[in-house]
Amino acid sequence: MNNNLDNQPAGRPRKIIHIDMDAFYASVEQRDNPELRDQPVAVGGSEARGVVAAASYEARKFGVHSAMPSVTAKRKCPDLIFVKPRFDVYKAVSAQIREIFAEYTPLIEPLSLDEAYLDVTENLKGMEIATEIALEIRAKIKAVTDLNASAGISYNKFLAKMASDLNKPNGQAVITPKNGPAFVAQLPVKKFHGVGPATADKMHRLGIETGANLREKEIEFLVQHFGKSGPYFYGIARGVDERQVKPNRVRKSVGAEDTFNQDIHAFGPAREGVKPLIAKVWRYCEGNEITGKTVTLKVKYADFTQITRAKSVAEGFRSPQVIEETIDSLLGAIFPTQKGIRLLGVTLSSLEPRVVGSIEQLQFTL
Ligand SMILES: [Mg+2]
């Protein structure tokens, strides 16, 4: 039995704030164009294959949300106004809010342009109460950018992230060490940060619907079914999350690789081998609304020699299919091979923000 996990993590409790801008892209557009205020707005392409990247709260009332096909959105909300994204503006606002964060702490971990974790346990203002820091930060964001932010305050990242949703928009919520375990217990697992739809389905099949159900499972069981995520799930079921706030997490690349049980000698199995790697890389990109301009294939042979092959596209990779085609062509060129392949890796670099959906649609529709 591990007492540590049933109560507070060892060491000093931390004070974590998760700041999340409200309907960020859509709010920026409404700010800069008075005609869009109080209107249902979708940032993204309105054409047949377009996808909503962000929806204003007025649009959300009709059931419109990000990642929804534009056609569906238009059906749900016939008066929906589509606006093209302006990433240069969003990036500039993002820099403004990060400057505000930096007045309080150097421990800032951005999750995307509009979201960040702040560790304010020790802070540059010497403020004791994290709730007051969150209030101040939100007021400054409003003063500087004329945009609303919500905040979650707690003793770890997981709960701070969950808390920022509780009083959205333009609100904040605290989850204390005393309330954390009870909060998690009643929460459906599909709402847990870090539990995607596929994992939620798997949990449901295993009879896990709520945090309380999750807590009943042994760590061995969770590792058996969820691999590396098992210990994380075991922790968060108890309101425990030991992950540190990692400052300046500016990723230069996203990669995945796999060593095979048996060496690969043919194109077919190699192709199958890279598919899950591409899926992993793309999942990360989707979660962070980024893509990259360069894809690199890494091949390690049975004798441990290694080669890499890369290809770049100026407009950035817009779908996992395009990455797959590119990797296929790079992979095809290394066959036939004398040596068996023991490891394959796929890395995406020259990362940049990306609209959820197809930006080339926007650019090529004249
Ligand atoms: Mg947001």
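The values are calculated or read from the model by the stated rules, or taken from the named source; none is laboratory data. Keep in mind it's a predicted model, so treat the numbers as computed, not measured. Every residue, glycine among them, receives a Cβ derived from its backbone with ideal geometry; neighbour counts consider all protein chains shown. Quick note on the areas: whole protein, heavy atoms, side chains included, nothing else; ligands and nucleic acids left out. Shrake-Rupley method; radii C 1.70, N 1.55, O 1.52, S 1.80 Å.
Out of every Cα pair in the range 289-338, what percent are spaced more than 16 Å from each other? In whole percent, the long-distance tail amounts to 44. Multiplying the residue separation of MET127 and SER350 by 0.36 nm and subtracting their alpha-carbon distance yields 76.4 nm.
Kyte-Doolittle cut-off -0.5, length cut-off 27 Å along the helix's own axis using Cα: show which whole DSSP H helices in the chain pass.
Going by DSSP H runs, the hits are 267-288.
Only protein atoms count toward the accessible area here, which uses a 1.4 Å probe; on the range 1-178, the carbon and sulfur part of that area reaches 52 percent.
Across the alpha-carbon set of the range 180-236, the Rg to Rh ratio works out to 0.91, Rh being the Kirkwood radius. The accessible surface of the range 180-236, taken with every protein chain in place and a 1.4 Å probe, is 55 percent carbon and sulfur. So if R0 is 41 Å, what FRET efficiency would LYS76 and GLU209 give, r being the distance between their Cβ atoms, rounded to the nearest 0.05? So, using R0 = 41 Å, E works out to roughly 0.90.
Under 18 Å from a label point set 7 Å out along the Cα-to-Cβ vector of SER229, the amide N atoms of the range 135-176 belong to 157-159, 161-162.
Using a probe radius of 1.4 angstrom, the carbon and sulfur fraction of the accessible surface of the range 253-362 is 48%. Think of each Lys and Arg Cβ as +1 and each Asp and Glu Cβ as -1; about the Cα centre, that makes the dipole of the range 1-178 roughly 400 debye. Each 5 Å bin from zero up to the one holding the largest Cα-Cα distance in the range 64-142 carries the following percent of pairs: 3, 13, 19, 16, 12, 11, 10, 8, 5, 2, 0. Using the 1.4 Å probe convention, the accessible area of the chain works out to 50 Å² per residue with neighbouring protein chains retained. Rolling a 1.4 Å probe across all protein chains gives LYS76 an accessible area of roughly 100 Å². Mean projected area of the Cα convex hull of the range 38-89, taken over all directions, amounts to 3.3 nm². Under the simplified labelling scheme, the GLU216-SER253 pair shows an inter-label distance of 4.6 nm, with each label point 7 Å from Cα along Cα→Cβ. When HIS65, HIS193 are compared by accessible area at a 1.4 angstrom probe, the order from most to least is HIS65, HIS193. Using C-alpha pairs below 8 Å separated by at least 6 residues, the relative contact order for the range 1-126 is 26 percent. Once C-alpha pairs closer than 8 Å and six or more residues apart are averaged by separation and normalised to the residue number of the chain, the relative contact order reads 17 percent.
Classify the range 257-355: rounded, prolate or oblate, from the alpha-carbon gyration tensor (a ≥ b ≥ c, eigenvalue square roots; a/c under 1.5 rounded; otherwise prolate if a/b is larger than b/c)? Verdict is prolate for the range 257-355.
Gain in length, ASP303 to ASP263, computed as 0.36 nm per residue apart minus the alpha-carbon separation, to one decimal in nm?
So the chain would gain 13.3 nm between ASP303 and ASP263.
Working ranking of peptides 237-245, 331-339 by packing, defined as the average number of other Cβ atoms within 10 Å per residue, highest first, is 237-245, 331-339. Please work out whether the chain counts as rounded, prolate or oblate from its C-alpha gyration tensor, where a ≥ b ≥ c are the square roots of the eigenvalues and a/c under 1.5 means rounded, while otherwise a/b larger than b/c means prolate and anything else oblate? Cα axes put the chain in the oblate bin.
Run the helix sum for the chain: -39,500 (n - 2.57) per DSSP H stretch of 4+ residues, divided by residue count, reported at 222 nm to the nearest 500 deg cm²/dmol. Don't jump to the answer; show the numbers that get you there.
Numbers: 15 runs with 141 residues, N = 366.
Here the helix-only value at 222 nm equals -11000 deg cm²/dmol.
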